[in-house]
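Report on the following structure.
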Amino acid sequence: MTLATPILHTARLRLRPFTEADADHLFALHGSTYVMRYWDSPPWNERARAERFIKMCRTMADDGTGARVAIDRASDGAFVGWCGLTAWDENHRSASLGYCLGDAMWGNGFATEAAHALLEWAFDTLDLNRVQAETDTRNAPSARVLEKIGFVREGTLREDCVVNGEVSDSWVFGLLRREWQPSAAPSGPTSRP
């Protein structure tokens, strides 16, 4: 089953399918050691990784296993980052949420606003019952994003990743349909990490 990647609009953002023109932005984003310091994979060191990422986004949509969208600022079209739902399981009505934004965009509420918009689409379109997300326990700003949109911290995966050669823990968050509040669309600046 194909899953059409949505085009969504919020007060300040536009979420859209990736194009080849996004490769340079993606490479800069995922090539940043600062942005990637809590990820379980090292920063990208070749632009071809961005091209493969875009191709993987299309494959995911074609296979019906998820949707990743580029995030642009509505006021000037600036690339903000991306947000996605992966591992969509139609039988269990579940998926995993992820996002990555450039550090110049942090502290403006963009991650919260984009994730909320994508979740609103997903709960309606995919008939989800549960969405899961994980974040490194050292990444408190990401945990706050998840909590602002209604996720509940459910537990800790102890020493589940090696990030930049350092063993790290991850928090697991869950959001259930019955807890979802689509009318509570957050926006606006927050404190920078």
Discussion item. Six or more apart or on different chains, Cβ atoms under 9 Å: show the pairs whose first residue is in the stretch 52-66 and within 20 Å of Phe27 (Cα to Cα) and whose second is surrounded by 14 or more Cβ atoms within 10 Å (Cβ to Cβ) and hydroxyl-bearing (Ser, Thr, Tyr).
Written reply: Cys57/Thr5; Arg58/Thr5; Thr59/Thr65; Met60/Thr5; Met60/Thr86
Practice prompt. Note down all Cβ pairs under 9 Å where the first residue falls in the stretch 156-170 and is touching a residue at least 12 places away in the same chain (Cβ under 8 Å), the second is surrounded by fewer than 10 Cβ atoms within 10 Å (Cβ to Cβ) and in a loop (DSSP other than H, G, I, E, B), and they're at least six residues apart or on different chains.
Written response: Asn164/Thr33
Worksheet item: Which members of the stretch 54-92 meet the condition of being of a type in the set (A, V, I, L, M, F, W, C) and part of a helix (DSSP H, G or I)?
Response: Ile54, Met56, Cys57, Met60, Ala61
Practice prompt. Could you pull out the residue among Ala114, Ala95 that is outside any loop (DSSP other than H, G, I, E, B), touching a Leu at 6+ places or on another chain (Cβ under 6 Å), in contact (Cβ under 8 Å) with a residue 60 or more places away in the chain and surrounded by 22 or more Cβ atoms within 10 Å (Cβ to Cβ)?
Written response: Ala114
Discussion item. Looking only at the stretch 110-128, how many residues end up being in contact with a helix residue (DSSP H, G or I) (Cβ under 6 Å, 6 or more places away or on another chain) and either of a type in the set (Lys, Arg) or modelled with pLDDT of 95 or more (or both)?
Written reply: 2
Worksheet entry | Among residues of the stretch 15-42, those that are under 14 Å from the mean Cα position of the chain (by Cα) and of a type in the set (Lys, Arg), counted | 1
Worksheet entry | Cys100 being under 24 Å from Val163 (Cβ atoms) and touching a Pro at 6+ places or on another chain (Cβ under 8 Å) | no
Discussion item. Quick check on the stretch 48-85: of everything there that is basic (Lys, Arg), modelled with pLDDT of 95 or more and surrounded by fewer than 20 Cβ atoms within 10 Å (Cβ to Cβ), which residue is nearest to Asp127 (Cα to Cα)?
Written reply: Lys55
Worksheet item: If you check Ser168, Ser96, which single one turns out to be under 21 Å from Arg37 (Cα atoms), of a type in the set (Ser, Thr, Tyr) and at pLDDT below 95?
Response: Ser168
Practice prompt. Filter the stretch 58-99 for residues that are β-branched (Val, Ile, Thr) and more than 17 Å from Asn129 (Cα to Cα) and give the result.
Written response: Thr59, Val69, Ile71, Val80
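The values are calculated or read from the model by the stated rules, or taken from the named source; none is laboratory data. Quantities reported herein were computed from a predicted structural model and do not represent experimental measurements. As a convention, Cβ positions derive from the backbone with ideal geometry for all residues, glycine included, and neighbour counts pool all protein chains shown.
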